[in-house]
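Below: the structure, in structure tokens.
The values are calculated or read from the model by the stated rules, or taken from the named source; none is laboratory data. Being a predicted model, the structure only gives us computed values, none of them experimental. All Cβ positions, even for glycine, are placed from backbone atoms using ideal geometry, and neighbour counts span all protein chains on display.
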Amino acid sequence: MACEQMASKERLGQFDAYLDGELTSAEASALAAHLRGCATCAADVLGRVQLKRAVQLAGRRYSPSAEFRNKIEKSVSAKPRRESGWAWNILAVPALSLLVLSVVVSLYVSRESGRRQRVYSELADLHVAALASGTPVDVVSTDRHTVKPWFQGRIPFTFSLPELQGTNFTLLGGRVTYLEQTPGAHLIYQIRKHEISVFIFQDRGEETASLASGPTHAASFSMENWTQNGLRYFVVGDVNGDDIQSLSRLLQEAH
Amino acid sequence: MKGPEDRVPVVTFEELAMPLFDQLYNFARWLTQDTADAEDLVQETYSKALRGFSSFRLGTNFRAWMYRILRNSFLSSRTGLKTMVAIDEETDDEDLLPAENATPESILIEQANREMVQQVLVDLPVPFREILLLCEVGEMSYQEIAETLGIPLGTVMSRLSRARKALRVLLRQKRQGGGHGM
């Protein structure tokens with residue numbers, strides 16, 4: 001093989017990870033730069049791309065019958081709803097002693113301030129990391145009717161996105177993100193060439209109560225956060241507070 | 001603006017599980033290689049998942065959870081026990097060899113029609129077939145595959161690499177008229 005890079009096992013292992021979107025943006029950029037200048041490696045990667053596509057096409061082979069779908073739908077419909085706020089039930093147990101409660105509360109209060117800062121910093125990091133990434137969004141679309149369904153099955157809740165016609169905001173797309181090991185939606189909007197991140201997570205009441213709703217600042221980013229219909233929203237961007245507020249209002253009024 | 005005292009969200013099993021129906025069926029059909037068995041497997045999966053939904057921890061990956069139930073049900077079925085061969089997880093250097101003189105490989109895959117790739121996928125051992133389907137058709141991340149299959153991330157990467165290699169070898173055999181299964 002003419003290319004020394006290609007002879008390296010690490011490099012070859014990277015080719016698949018690169019195509020599977022599993023490299024960091026720095027690794028992906030370095031590999032892309034190499035591929036632009038190396039015909040041998042580029043041809044190898046092309047072969048792998050074709051193999052991936054061939055399996056994607058061939059793999060989507062079977063569809064369930066309408067009868068079978070109806071049967072399963074009937075068997076799972078109208079079942080009791082699952083309360084996601086399971087932690088509330090724990091707090092509601094009357095037998096929980098005041099002593100235990102007071103210990104929990106005092107620990108909680110002492111951690112509150114540090115936790116709030118950590119969450120805000122983590123959100124700022126997620127915002128910056130997404131924008132710095134070669135693929136900031138996994139679903140690329142300005143259409144809310146495309147972006148919203150994409151999250152089905154990827155996160156354990158649904159949400160509404162606003163109509164943006166007549167506003168200066170544009171939806172760029174979305175990706176699944178994680179905050180404190182909890183999955184959520186990360187949407188990226190643009191206004192006057194500035195990107196704003198909107199994060200939506202389930203509001204696990206007892207954990208997010210310390211995050212007082214309202215505007216704040218972290219690492220020079222403007223932020224807004226609130227809860228609505230059991231979801232916790234965070235809006236983060238390096239734009240002025242008015243833009244953050246405008247987008248927040250649109251999201252709050254979305255149906 | 002509303003406060004944290006708002007109602008906590010309620011999510012039904014149906015709302016979470018039905019969007020996955022088509023892909024779970026496709027996966028089941030690939031595993032079982034039989035329509036009736038696939039339907040039984042999907043029905044068993046939904047039934048088990050519905051019963052276990054109260055223990056499902058919201059915030060963890062629901063899709064991986066459903067796939068895991070389906071796969072475990074398959075493994076404990078008669079067909080699953082027969083077809084799930086053990087594979088050696090040792091990575092050998094062969095797995096990381098270049099994609100076989102890239103240009104002929106590209107031509108090979110271009111010429112391989114969809115039926116041929118489908119036949120080769122059937123010929124692959126189940127552990128290879130399933131990981132390729134989860135990655136390429138399910139578009140799962142390595143982490144999600146690791147959760148679904150219950151294997152470490154490193155094993156996901158090495159098994160995927162070996163599965164792709166095996167697929168290339170089988171495709172080449174088919175093209176050359178060999179067509180020997182694995």
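Scan the range A:26-44 and tell me whether some residue there is more than 21 Å from B:Ile145 (Cβ to Cβ) and of a type in the set (Lys, Arg).
yes
Conditions tested, residue by residue: (1) of a type in the set (Ser, Thr, Tyr); (2) under 17 Å from A:Asn225 (Cα atoms); (3) at pLDDT 75 or above.
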position: A:Val103; (1), (2), (3): no, no, no
position: A:Glu112; (1), (2), (3): no, yes, no
position: A:Ala130; (1), (2), (3): no, no, yes
position: A:Pro136; (1), (2), (3): no, no, yes
position: A:Phe151; (1), (2), (3): no, no, yes
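Anything in the range B:39-58 that is within 9 Å of chain A (Cβ to nearest Cβ), over 17 Å from A:Glu73 (Cβ atoms) and free of Cβ contacts under 8 Å to residues at least 40 places away in the same chain? List them, or say none.
Initial filter on the range B:39-58 (within 9 Å of chain A (Cβ to nearest Cβ)): B:39, B:42-43, B:46-47, B:49-50, B:53-54, B:56-58.
Next cut, over 17 Å from A:Glu73 (Cβ atoms) only: B:54, B:56-58.
Selection gives B:Ser54, B:Phe56, B:Arg57.
For the range A:22-51, how many residues meet the condition of being at pLDDT below 90 and within 30 Å of B:Thr32 (Cα to Cα)?
Within the range A:22-51, residues that are at pLDDT below 90 and within 30 Å of B:Thr32 (Cα to Cα) number 5.
Identify all residues within the range A:175-194 that are out of contact with any Pro (no Cβ under 8 Å at 6 or more places or on another chain) and either of a type outside the set (A, V, I, L, M, F, W, C) or in a loop (DSSP other than H, G, I, E, B) (or both); write none if there are none.
Matches in the range A:175-194: A:Tyr178, A:Glu180, A:Gln181, A:Thr182, A:Gly184, A:His186, A:Tyr189, A:Gln190, A:Arg192, A:Lys193, A:His194.
Going by the structure shown, is A:Leu250 within 11 Å of chain B (Cβ to nearest Cβ) and modelled with pLDDT of 80 or more? Before you say what the answer is, go through the steps one by one.
On the way: within 11 Å of chain B (Cβ to nearest Cβ): no; modelled with pLDDT of 80 or more: yes.
Taking the combined requirement at face value, the residue does not satisfy it.
What residue, of A:Leu172, A:Leu161, is of a type in the set (A, V, I, L, M, F, W, C) and in a strand (DSSP E or B)? Even if it seems obvious, please write down each step before you answer.
Numbers: A:Leu161 fails: in a strand (DSSP E or B).
None of the other options fit; the residue is A:Leu172.
For residues that are at pLDDT below 85 and in a strand (DSSP E or B), scanning just the range A:195-227, find the one that is surrounded by the most Cβ atoms within 10 Å (Cβ to Cβ). First the steps, then the outcome.
If we filter the range A:195-227 for residues that are at pLDDT below 85, which is where we start, we get A:203-223.
Now drop any that are not in a strand (DSSP E or B), which leaves A:216-218, A:221-223.
Details: A:Thr216: 15, A:His217: 11, A:Ala218: 18, A:Phe221: 21, A:Ser222: 20, A:Met223: 23.
Restricting to residues being at pLDDT below 85 and in a strand (DSSP E or B), the top hit is A:Met223.
So if I check each of A:Glu195, A:Glu163, which one is closer than 30 Å to A:Ala32 by Cβ and away from chain B (no Cβ under 14 Å)?
On the way: A:Glu163 fails: closer than 30 Å to A:Ala32 by Cβ.
Exactly one of A:Glu195, A:Glu163 is closer than 30 Å to A:Ala32 by Cβ and away from chain B (no Cβ under 14 Å), namely A:Glu195.
Given the condition more than 18 Å from B:Asn72 (Cβ to Cβ), free of Cβ contacts under 8 Å to residues at least 24 places away in the same chain, assigned to a helix (DSSP H, G or I) and at the interface with chain A (Cβ under 7 Å from one of its Cβ atoms), answer yes or no: does some residue in the range B:22-38 qualify?
Checked against the condition, which is being more than 18 Å from B:Asn72 (Cβ to Cβ), free of Cβ contacts under 8 Å to residues at least 24 places away in the same chain, assigned to a helix (DSSP H, G or I) and at the interface with chain A (Cβ under 7 Å from one of its Cβ atoms), the range B:22-38 yields at least one hit.
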